[in-house]
Amino acid sequence: EPSLVPDLLEYIKFFKDRNIKTILQTNGTDSNVWNKDIDEIWISLYGSEDIHDFITMKNIYSQVVETINVLKNYTHDIVIQSPIFNDYQLWSIMRESKKLDLKLRLFALLNQGRCRFALSIDEQKRIYYNNKESYNNVELTCSLDEAKCNYENKLVLKPDGSLFNCASHKHGIILCKK
């Protein structure tokens with residue numbers, strides 16, 4: 001979570017002063033993360049309240065939606081990010097992003113870390129392509145569309161202050177060449 005990064009605002013200002021696009025990727029539990037120097041905010045949301053709270057194992061759906069509504073007062077560059085778990089979850093997150101009037105970015109869920117239940121990339125793509133006509137404000141990330149990969153132009157700032165090239169960006173601040 002970016003709000004855990006010490007001196008977060010100083011990092012954002014440093015990169016903005018160098019004309020580097022700054023994208024904040026957050027779980028959406030802190031509405032104070034917005035700053036005028038952030039170009040985009042990506043918020044993790046996985047579907048309706050029951051789906052989101054089940055996946056996160058926390059009762060935070062209403063807090064995330066409240067954060068989105070607060071941030072909409074400051075910026076329109078908010079994007080919902082979600083992996084694909086199954087057909088029902090994809091339908092649910094498409095409905096939620098439409099209800100919130102936000103763009104949806106889909107990324108591949110991989111079997112790594114504590115996650116050992118991900119569908120294959122091909123199965124996730126099948127689910128997306130079977131449902132894509134339902135909602136046209138969806139973007140696939142490079143994890144689901146290899147042609148879009150430009151990770152060599154991105155850096156991720158981790159909560160410990162370290163920077164690394166983005167091959168699969170985890171929660172953090174994403175910095176892109178403009």
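Carbon and sulfur together cover what percent of the accessible area of region 43-124 at a 1.4 Å probe radius?
C and S fraction of accessible area: 52 percent.
For region 59-104, what mean projected area does the convex hull of the alpha carbons give, in nm²?
3.3
Using only the C-alpha atoms of region 14-132, find the volume of their convex hull and express it per residue in Å³.
Considering the Cα atoms of region 14-132, their hull volume per residue is 123 Å³.
5 Å is the cut-off here: which amide hydrogens, built 1.01 Å from N in the peptide plane, fall below it relative to W42, excluding neighbours closer than 5 in sequence?
Residues meeting the amide H criterion: L24, Q25, T26, V79.
At 1.4 Å probe radius, can you tell me the per residue accessible area of region 1-98 in Å²?
49
Determine the alpha carbon to alpha carbon distance for each of K13/K132; K13/K125; K16/K125; K16/K58; K21/K125; K16/K132 and list only those over 32 Å.
Exceeds cut-off: K13/K132; K13/K125; K16/K125; K16/K58; K16/K132.
The values are calculated or read from the model by the stated rules, or taken from the named source; none is laboratory data. Computed from a prediction, not measured in an experiment: that's the story for all the values here. Accessible surface is based on the protein model in full, side chains and every heavy atom, while ligands, DNA and RNA are left aside. Shrake-Rupley method; radii C 1.70, N 1.55, O 1.52, S 1.80 Å.
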